[in-house]
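Below you'll find the structure, written out as structure tokens, and then a few comments.
The values are calculated or read from the model by the stated rules, or taken from the named source; none is laboratory data. As the structure is a prediction and not an experimental result, all values here were calculated from the model. Here Cβ is always computed from backbone atoms with ideal geometry, including for glycine, and neighbour counts include all displayed protein chains. Just so you know, the surface numbers come from the protein's heavy atoms only, side chains and all, with ligands and any DNA or RNA stripped out. Shrake-Rupley method; radii C 1.70, N 1.55, O 1.52, S 1.80 Å.
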Amino acid sequence: MVPMNDRESVKVLIVNHDGHYLSGTATEWEFTEHRTRAKVFDYVGDRVAEQMELVHRAYGLVWTPVKLDPLEIYEFCDRCGCRMLAFAAYYNGKLFLCLECRESELPARG
């Protein structure tokens, strides 16, 4: 659990009661077993505590923010938001992309 008085920029993942991580986009949320696919939130900036309370009141669900180790070295895909090891990131001149997003922007072979 993340301390409520922690004012530093704390990055967290959201975990449900099954141990799955919140992933996806603002319009298409889902849960995944894969930690590397989890959406990373800024605990204070994204108002995680308030959002968790809202989910609990509205749906009766308990989701838990889990603090990321600041030493974890990841890049984030600018298209889908997933995390990847820095050496796996592809920069197309404008965006950092994961393998899946990079492949989706390549021309179809045929």
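Every residue in region 20-66 that is assigned to a helix (DSSP H, G or I) and charged (D, E, K, R), please.
Passing the criteria: Arg35, Arg37, Glu50, Glu53, Arg57.
Can you find, within region 24-62, the residue that is most open to solvent (accessible area, probe 1.4 Å) among those that are touching a residue at least 12 places away in the same chain (Cβ under 8 Å) and over 28 Å from Ala86 (Cβ atoms)?
So in region 24-62, the residues touching a residue at least 12 places away in the same chain (Cβ under 8 Å) come out as 24-25, 31-45, 48-49, 52, 61-62.
Next, from what is left, pick out any that are over 28 Å from Ala86 (Cβ atoms): 49, 52, 61-62.
Details: Ala49: 28, Met52: 31, Leu61: 61, Val62: 90 Å².
If we take residues in region 24-62 being touching a residue at least 12 places away in the same chain (Cβ under 8 Å) and over 28 Å from Ala86 (Cβ atoms), then Val62 is most open to solvent (accessible area, probe 1.4 Å).
Given the structure, is Leu95 of a type outside the set (Lys, Arg), modelled with pLDDT of 90 or more and touching a helix residue (DSSP H, G or I) at 6+ places or on another chain (Cβ under 9 Å)? Even if it seems obvious, please write down each step before you answer.
Details: of a type outside the set (Lys, Arg): yes; modelled with pLDDT of 90 or more: no; touching a helix residue (DSSP H, G or I) at 6+ places or on another chain (Cβ under 9 Å): yes.
No, not satisfied.
Restricting to region 67-94, what's the tally of residues that are part of a strand (DSSP E or B) and either of a type in the set (Lys, Arg) or open to solvent by 50 Å² or more (accessible area, probe 1.4 Å) (or both)?
Number of matching residues: 8.
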